[in-house]
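What follows is a single structure, written as structure tokens, with notes after it.
Bear in mind that the values in this text are calculations on the coordinates, not laboratory data. The model shown is predicted, which means the values in this text are computed figures rather than measured ones. In this analysis, Cβ positions are derived from the backbone assuming ideal geometry, glycine residues included, and neighbour counts consider all displayed protein chains.
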Amino acid sequence: MVYYLQRIDERSCLMVQENQQQARLQEPVLVILQRLCMRHGSTFEGRRAAAARNLDIHQKVPILLSEIYRDVLFPTKAMRNPDCIWINYRAVDEVRRLEKGCVVQFHDESKLSLSVDIRCIRRSMRLCERYLSFLNS
């Protein structure tokens, strides 16, 4: 399971998976997201448009990767921001406040420190939960 995707530079990104497996990929984050969406039968643009419309939002739109596994990735910042990290909602165990930002703890006890307010992460988590509930109704 993908835990998160993080930009390294314009042409590469880091994919972190369970058990702290890391892979440096020689493609930008958005290209990887497009490939992951296509692997599950849809385009990134289509998944983004569907989530934006059904959640009535336009910024920080979560992306459903897999209906079967309930993998939904959400951005920590604006999608085009170079510091944006895409986190898998299903992999998150807990989010805790730090003095400046927050820390996300995953199911395997690994952690990711973010310079993002905890309220933004919690809002994104609620949006993912709401979207999955909508899809199940």
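The set of residues from region 33-62 being surrounded by 11 or more Cβ atoms within 10 Å (Cβ to Cβ), more than 18 Å from Leu135 (Cβ to Cβ) and of a type outside the set (D, E, K, R) comprises Leu33, Gln34, Met38.
The condition of being out of contact with any helix residue (DSSP H, G or I) (no Cβ under 9 Å at 6 or more places or on another chain) and of a type in the set (Gly, Ala, Ser) holds for only one of Ala91, Ala51, Ala78, that being Ala78. You will find that of Arg24, Arg70, the residue that is surrounded by fewer than 14 Cβ atoms within 10 Å (Cβ to Cβ) and in contact with a strand residue (DSSP E or B) (Cβ under 9 Å, 6 or more places away or on another chain) is Arg24 and no other. Restricting Leu73, Leu64, Leu98, Leu55 to those that are free of Cβ contacts under 8 Å to residues at least 60 places away in the same chain and of a type in the set (A, V, I, L, M) reduces the list to Leu98. Among the residues of this structure, Met38 counts as one that is in a helix (DSSP H, G or I) and free of Cβ contacts under 8 Å to residues at least 24 places away in the same chain.
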